[in-house]
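Student: Let me begin by handing over the structure; questions about it come next.
Only the coordinates and a few stated rules stand behind these numbers; no lab work does. Bear in mind that the values here come from a model prediction, so they are computed numbers and not experimental data. Glycine gets a Cβ as well: all are built from the backbone with ideal geometry, and neighbour counts include every protein chain shown.
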Amino acid sequence: MAHPATRALREASFYFAVALLVIVAAFPFYWMVITAFKPNSDLYNVTNIPFWWNEPPTLEHVKYLFQQTLFARWLWNSLVIGVCVVAITLVTAIPAGYALARMKSRKGEALGIGIFLTYLVPPTLLFLPLSRIVAELGLQNSMWSLVLVYPTFTIPFCSWLLMGFFKALPVEIEEAAIVDGCSLFGAFIKMAIPLSVPAILTVVIFTFTLTLQEFVYALTFVSASDQKPITLGVTTDLVRGDVFFWGELMAGALIAAVPVAIAYNLFLDRFIAGITGGAVKG
């Protein structure tokens, strides 16, 4: 049995490490909040303490975003792109992952690994072929080009992710449904998909977050201000030469980050509930 002093030292070290990790993880978000609501007279005064408000907080940066830029349009574009890409990914990745998981031979696992490896291809190698496809379809300088391009890296990873989850589902459940009169497709719809809700939620959050934060493809295929997603619009229209609109930049980042953070935390709760509920066997 450990000595009380040793145990207390271990607990103190553990809590210190956790507190340090929380501070490091939360500091960027804290800095965004401070900067987004800090007046310019306070923000650019080098004699003031930068870690707090030295003057009353203001909404001037948020007002500037919505009144002097196309920020509302950028938000809408990002939402439309995210929803469309999530829908395309789900429609494609769910049946693909299920089919790979239910293949009898080891070919399914090999195909799954091959599909996942396509996710690891550097985006810069795909610029030329994707540019040609976008040009042939007449989608140049349009947000719809991103709806076409983004599934090329969301579908491979999500198919591989869902394949692993479907493999963990007992095939006897679907066989029992078929014995009761369901077709194979009916068993897939009525049994496999409801049991895979945690994995589907994972795919939804991963895909939407990835499309929301992607920058390189957006910079390559979109240049019109009214077609830009939020990541591209904020960083290109609020950085002019060597002038950085720090208050507006942080306000834009904060507005985009808060809904994702809330949704992600809600997703974690549902994921844990789904896993613990699915672990109970009758």
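Student: Under the classification rounded if a/c is under 1.5, otherwise prolate if a/b is larger than b/c and oblate if not, where does the chain fall, given a ≥ b ≥ c as square roots of the Cα gyration tensor eigenvalues?
Tutor: Here the chain falls in the oblate category.
Student: Tell me, Asp242, Asp237, Asp180 in order of fewest to most beta-carbon neighbours within 10 Å?
Tutor: Asp242, Asp180, Asp237
Student: May I ask for the angle, rounded to the nearest 10°, between helix 4-36 and the longest principal axis of the chain, with both axes built from Cα atoms and the value confined to 0 to 90°?
Tutor: Helix 4-36 sits roughly 70 degrees off the main axis of the chain.
Student: Let me ask something additional. Tell me, what is the percent relative contact order of the range 1-93, built from C-alpha pairs under 8 Å that lie six or more residues apart?
Tutor: 18
Student: While we're looking at this one, here's another question. So if each residue of separation counts as 0.36 nm, and I subtract the Cα-Cα distance between Phe116 and Asp226, what length gain in nm does that give?
Tutor: Difference between extended and current length: 36.2 nm.
Student: With axes computed from alpha carbons, what is the tilt in degrees of helix 71-101 against the longest principal axis of the chain, rounded to the nearest 10 within 0 to 90?
Tutor: 20
Student: Please state the relative contact order of the range 62-278 as a whole percent: Cα pairs under 8 Å, 6+ residues apart?
Tutor: Once normalised by length, the contact order is 32 percent.
Student: Any idea how far the Cα center of the range 1-78 sits from the one of the range 152-223, in Å?
Tutor: Taking the Cα centre of the range 152-223 as reference, the centre of the range 1-78 is 35 Å away.
Student: Helix 127-136 against the longest principal axis of the chain: what's the angle in degrees, Cα atoms only, rounded to the nearest 10?
Tutor: 80
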